[in-house]
Amino acid sequence: MKKPGGTEKKKVRRSPGVASNGSNSTTSTKQGAKDVFQLFAEKARDHKGLVSRWAVLQETRVEYFRGKDFVAFVRNHSELKDILESDKGLEPEDIANTLLQKNLLVRCDRVVKIVRPGKKKLSSWPAHLEIYHDQVFSENDAFYAWAFVKRRPLWQTLLSFFWPVLTLAICLFPVYPHWAKLLILYTCAGLLLLILSLLFIRALIFGAIWVLFGKRVWFFPNILAEEATLQDLFQVWPLKDEAERPKWTARLFYAIVAVVVILLLRHHAPDEAARARYQKRVSNIIDDVLEWSPRQALSGMMDTVVNVTNSNDNATDDSKTGSEKVSFTDDLDEETDLKEESEDVIGNLEDSEDVIGNLEDSDHQQRDL
């Protein structure tokens, strides 16, 4: 039967499989949207164009960036928005709000909100942060910390397995051959001398420029940074000095203090003989470490065992000789005692004979009477 409009509609019955495919596609779309924002966050975090720093957030070190830097980064690197597929037309503010909703970002605020004495304004990159109460993106004076664990690259994984091997190799340093010990010693001493010289020259340049011109110029500004990348670590040129220029009285005071310290160190410096003794002592210590070998240790242990055995034998002989001497002395004492006892007995017999003789004489006298 035809309808008045002259058109005829056919009823098409959908199969359950089509409906299920549609629901699955919807689910996969949602899952894909979640994955693409996660992928965008990982790409943006690893990208060198987004300037970031490290700070402490609730006793945890986090990597964070500024809101204005994120907006400029997304606008200058629009190719990263292709990762978002259907959402690549979003504005940077909308992308940031989506990352906040997915807990990939956390909006933070600086802990210290008061300008410190001697500073003109607050620090551009605070070292301590706290979570902001309103988790909405803002471009003005807002900081955002990454809230997901960064994937470790392959070289870091390999390095984690390499550290135990390096530790074992350091522990086995005494058994290395002599040439290997010399190579390691001179390499480490050269690197240490290079680092100390770089730090000394860096501090000397800073002190001279600060005293003369009142400018804070640090060459290699990230050389002592903990979380700096390899590229940032060897950055030569200093950063812009944003602090207030020091007063000339403070510069003069520290200049006088530096001169006095140098004069005191020069006055109390050790003489040539003391330096020679110290150098000889250090050289002897280094020579003992370099010349030690397992053969010498084993030979020393054998000599020690032989000496201990000889000393034990000598002690045994001495004990035997002493016991013989003691027994001989005891025999002599016993013989002397026997002689004295026999002499006493003989003396007693003689006394008894005298008594008997006297009695006999008295009897004869009585008879004669």
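Side notes on the structure shown:
- Once region 171-183 is narrowed to residues that are without any contact (Cβ under 8 Å) to a residue 12 or more places away in the chain and more than 21 Å from the chain's Cα centre (by Cα), the residue that is nearest to residue 234 (Cα to Cα) is 183.
- The one condition in (1) more than 30 Å from the chain's Cα centre (by Cα); (2) modelled with pLDDT of 85 or more that residue 204 fails to fulfil: (1)
- Candidate set from region 228-241 (those that are hydrophobic (A, V, I, L, M, F, W, C) and assigned to a helix (DSSP H, G or I)); member that is modelled with the highest pLDDT: 233
- As a summary of the residue check, residue 111 satisfies the conditions (1) surrounded by fewer than 15 Cβ atoms within 10 Å (Cβ to Cβ); (2) farther than 26 Å from residue 232 by Cβ; (3) of a type outside the set (Gly, Ala, Ser) except for the one numbered (2).
- For region 200-222, a residue qualifies if it is in contact (Cβ under 8 Å) with a residue 24 or more places away in the chain and either under 22 Å from residue 54 (Cβ atoms) or among the charged types (D, E, K, R) (or both), and the qualifying residues are 215, 216.
- Lone qualifier among 124, 138 - being assigned to a loop (DSSP other than H, G, I, E, B) and loosely packed, with under 12 Cβ neighbours inside 10 Å: 124
- Residue count for region 242-291 under the criterion of being closer than 22 Å to residue 204 by Cα and assigned to a helix (DSSP H, G or I): the result is 20.
- Among the conditions (1) assigned to a helix (DSSP H, G or I); (2) surrounded by 12 or more Cβ atoms within 10 Å (Cβ to Cβ), the only one that residue 130 does not satisfy is (1).
- Qualifying position, being at pLDDT 85 or above and assigned to a strand (DSSP E or B), among 55, 44: 55
Here is a yes/no grid of residues against (1) farther than 23 Å from residue 197 by Cα; (2) modelled with pLDDT under 80; (3) surrounded by 10 or more Cβ atoms within 10 Å (Cβ to Cβ):
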residue: 213; (1), (2), (3): yes, no, yes
residue: 216; (1), (2), (3): no, no, yes
residue: 220; (1), (2), (3): no, no, yes
residue: 226; (1), (2), (3): no, yes, no
residue: 247; (1), (2), (3): yes, no, yes
residue: 257; (1), (2), (3): no, no, yes
residue: 262; (1), (2), (3): no, no, yes
residue: 273; (1), (2), (3): yes, no, no
residue: 291; (1), (2), (3): yes, yes, yes
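- Meets criteria (touching a residue at least 12 places away in the same chain (Cβ under 8 Å), of a type in the set (Val, Ile, Thr) and either touching a Pro at 6+ places or on another chain (Cβ under 9 Å) or closer than 30 Å to residue 282 by Cα (or both)) for residue 165: no
- The combined condition, being surrounded by 11 or more Cβ atoms within 10 Å (Cβ to Cβ) and either of a type in the set (Val, Ile, Thr) or not in a helix (DSSP H, G or I) (or both), is not fulfilled by residue 162.
The values are calculated or read from the model by the stated rules, or taken from the named source; none is laboratory data. It should be emphasised that the depicted structure is a prediction, and the values quoted were computed from it without experimental measurement. Cβ coordinates were reconstructed from backbone atoms using ideal geometry, including for glycine residues, and neighbour counts include every protein chain displayed.
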